[in-house]
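J.: Starting off with a structure, shown below.
Derivation of every value follows stated rules applied to the coordinates shown; laboratory data play no part. Model, not experiment: these values are computed from the prediction. Quick reminder, even Gly has a Cβ in these numbers, built from the backbone with ideal geometry, and neighbours come from all protein chains shown.
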Amino acid sequence: MTDPRPRAHRYLIALPQTVIVGLLLALLGGCASLPEQSLEQPHWQLRGKLAVVSPRGSGSGQLDWKMAGDQFEITLRGPLGAGAVQLTGRPAAAQLSRGGETLDGTFSQLAAPLFGAAVPIEALQHWADGRPAPPPLAAASQLHYDDRQRLAGFEQAGWQISLSRYDSATTLPAKLVGRRADERFTLLVQSRGGQ
């Protein structure tokens, strides 16, 4: 007997990593249009570990995220080498690949079934860089700073954002935690490049 759900729906809900992949998709929301560049020399790169806890599922994975202009390439590898998911393309024409299966669509089409609308996709790249997202997202509130006057946290779009583990050589946090109701994500940045 065949599964009555559409192929894309079966594929997208099949793994616990779907919530994590959704968060990765959300990270793309801050993609601003810049001059054309190659992903071999990205203007922004982040590597780290992403963990998500949500009523829809939980999981973690290694993250490799590159951006050049509006092009992106994100790879998420599960624990103990349990598969990899890759998202590539541009916001208007993206491709999600896992194993031998590939889904095509816009960034929004691929993001919606993976993570829904809980995390504002236009905010997460800014948050990963340790700053509130600019308009059109609502202004951040409840900003607070650590003893060295680095941003330690704020609230934006219903999310409580905590920033910590600042490297003494940079003004960028190595740890980002977001909480909203019963959802939580943690991003541990292991390296950055192309800033």
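J.: Per residue of region 177-183, what does 6.51 cos²θ - 1.76 cosθ + 1.60 with θ = phi - 60° give for ³J(HN,Hα)? Whole Hz please, x for Gly and Pro, Karplus curve as stated.
T.: Along region 177-183, the couplings run 10, x, 10, 8, 6, 9, 10 Hz.
J.: At R0 = 25 Å, how high is the FRET efficiency between residue 168 and residue 188 if r is their beta carbon distance? Nearest 0.05 is fine.
T.: Between residue 168 and residue 188 the formula returns 0.90.
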